[in-house]
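Structure first, commentary second.
The values are calculated or read from the model by the stated rules, or taken from the named source; none is laboratory data. What you see is a predicted model; the values in this text were computed from it and never measured. Note that we place each Cβ from the backbone using ideal geometry, even for glycine, and neighbour counts take in every protein chain shown.
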Amino acid sequence: MKAMAAALAVSASFLAVSVVLAQGRSSGKPLVAAAPGYDPAIYAELQEAPEKARNRANPFENDPRAVAAGAILFEQHCAECHGKSAEGSPKAPSLVVREVQSATPGTLFWLLTNGVVRKKMPVWSKLPEPQRWQLVRYIKSLGGPALRAESPAAQP
Amino acid sequence: MVSFSRRALLGCLSFSVLWALYLPVAAAQENPYFVAYDHYLEEPGNLEIEYFSTLGTQRGGNNFHAFWTELEYGATAWWTTELYLDGQTSFGDSTVFTGFRWENRFRPLKLEHFINPVLYFEYENKSGADKILKEIEGHDVESDFLVANRQAQKERIHEVELKLILSSTFKGWNITENTLAAKNLSNSPWEFGYALGASRPLALEASAKRCTLCPQNFIGGVEMYGGLGDRHSFGLHDTSHYLAPVLAWNLPSGWTLRISPGFGLNDNSHGFLLRWGVSREIAGFASMVSRLFGGQQ
């Protein structure tokens, strides 16, 4: 009987902690901005990618199937926070902005691999390396030429 | 008492399953291990509801079916917290609720490295009848399980358990090594144990078509775990060890199925353990709870 009571008490504590954490997120300042009023500072993490990582080329760059595969992976693992069309949500920033679309594939791959664990972005190295590159290929396909114009990769 | 515990346990399990079916899901990429841990934590705000079974053989006594439910919550991207509810049926004896565990895993480093440490802390409040074999520690041996449930339930165990998880991912392979130290809060010495695991998806590239049976949805591997004695008698003597192939099937619908036949490696071990589990990840649990209490998220 004591064990059951203790288990219920722990369950209640578990729920209470969840509520406090969730309320903290909703009542405080949003950690990231949705697309309409986006905060450029949230993308500063992209600048942290080391030179070597930035310069890595996407092995799926010329594989047309990679976009389709990446789209499925995005829907399964990323859309929940970044939105179905990567437009962003209160949980995570838009990926259809110049900061992301002008980043090199290597930079996006590095960010996916390492996450930003202090700011709620999980580590995605549990996805095998080819799948991460497929995701990068899909994300880079979302921006269109105007957003990609400043991409270092696009410059001579 | 027994019938109350059984009803409560069945109630918890039924509620968990119905709840998991109703709520929105996130596609999971879960590892196949039952005992070993890798360095990946639950996504922040998500709740994973898991049910696991262990069917064990028992020489000189009754075979058993131990089972547990896990509620795994991603508090942040660097902290995952879990509640376990344990029970077991000893064939020819009875079914009992055996206790609960509260587990926490912390990721101390900001970036991925070749070896990634995770710190683990767990508090256990269970009876001597607990048989889930979620970890093997100290001089745990098969003959410990011969005690009848009525007698074993009288022993209350309050235990803290610490683990250092060291995990690497290379060329699609995950290699993990867990070292554990556990202390019964009564007057018992520190006990030690280990778990090792290696696993890899059957395919590294994702398919361009939606599919349930694609090889990338399956992760296969092997794990090995056992005890390392205690503070007074550290080593392999009078300890039990197991080797178990593992397989996980991550369905696009958000369900994960796992199975693992385990084999005892010495005379102190159970001859055979058949483990299986099913889990479902609930997306945005924190947001749902927040809305329930008037939050805006």
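So the values come out like this:
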item	result
Test: B:Gly220 is crowded, with 21+ Cβ neighbours inside 10 Å, more than 15 Å from A:Leu73 (Cβ to Cβ) and either in contact (Cβ under 8 Å) with a residue 60 or more places away in the chain or polar (S, T, N, Q) (or both)	no
Any hit, the range B:64-77, residues being surrounded by fewer than 17 Cβ atoms within 10 Å (Cβ to Cβ), closer than 20 Å to B:Phe272 by Cα and either more than 9 Å from chain A (Cβ to nearest Cβ) or hydroxyl-bearing (Ser, Thr, Tyr) (or both)	yes
A:Ala86 vs. criteria within 10 Å of the chain's Cα centre (by Cα), outside any helix (DSSP H, G or I) and more than 15 Å from A:Gly143 (Cβ to Cβ)	no
Test: residue in the range B:63-76 that is at pLDDT 95 or above, in a loop (DSSP other than H, G, I, E, B) and farther than 23 Å from B:Val278 by Cβ	no
Check on A:Leu142, under 12 Å from the mean Cα position of the chain (by Cα) and in the same structural domain as A:Ala44 (by TED's automatic domain parsing)	no
Pairs where the first residue, in the range B:281-296, is facing another protein chain (nearest Cβ under 7 Å) and touching a residue at least 40 places away in the same chain (Cβ under 8 Å) and the second is assigned to a helix (DSSP H, G or I) and acidic (Asp, Glu), C-beta under 7 Å, 6+ apart	B:Ala283/A:Glu80; B:Gly284/A:Glu80
Index of the failed condition, B:Phe145 passing every other in (1) touching a residue at least 60 places away in the same chain (Cβ under 8 Å); (2) surrounded by fewer than 19 Cβ atoms within 10 Å (Cβ to Cβ); (3) not small (Gly, Ala, Ser)	(2)
Breaking point among (1) crowded, with 16+ Cβ neighbours inside 10 Å; (2) at pLDDT 95 or above, for B:Phe234	(1)
One residue from B:Ser186, B:Ser207 being small (Gly, Ala, Ser), out of contact with any Ser or Thr (no Cβ under 7 Å at 6 or more places or on another chain) and more than 28 Å from B:Gly235 (Cβ to Cβ)	B:Ser207
Residue check, B:Leu273 touching a Ser or Thr at 6+ places or on another chain (Cβ under 8 Å), over 30 Å from B:Cys211 (Cβ atoms) and not small (Gly, Ala, Ser)	yes
Which listed residue, of B:Glu159, B:Glu155, is acidic (Asp, Glu), exposed (fewer than 14 other Cβ atoms within 10 Å of the Cβ), within 14 Å of another protein chain (Cβ to nearest Cβ) and closer than 19 Å to B:Asn187 by Cβ	B:Glu155
Options A:Ala71, A:Ala53; residue that is within 12 Å of chain B (Cβ to nearest Cβ), hydrophobic (A, V, I, L, M, F, W, C) and over 22 Å from B:Pro252 (Cβ atoms)	A:Ala53
Residue match in the range B:236-243 (condition: among the β-branched types (Val, Ile, Thr) and within 28 Å of A:Pro122 (Cβ to Cβ))	no
Looking only at the range B:27-56, and only at residues there that are assigned to a strand (DSSP E or B) and of a type in the set (A, V, I, L, M), the one that is surrounded by the fewest Cβ atoms within 10 Å (Cβ to Cβ)	B:Leu55
Residue within the range B:226-249 that is closer than 18 Å to B:Asp144 by Cα, touching a Pro at 6+ places or on another chain (Cβ under 7 Å) and away from every other protein chain (no Cβ under 14 Å) present	yes
Residue in the range A:86-95 that is touching a Ser or Thr at 6+ places or on another chain (Cβ under 6 Å) and either charged (D, E, K, R) or facing chain B (nearest Cβ under 10 Å) (or both) present	yes
Number of the condition not met by B:Lys209 [criteria: (1) surrounded by fewer than 17 Cβ atoms within 10 Å (Cβ to Cβ); (2) at pLDDT 95 or above; (3) over 25 Å from B:Leu47 (Cα atoms)]	(2)
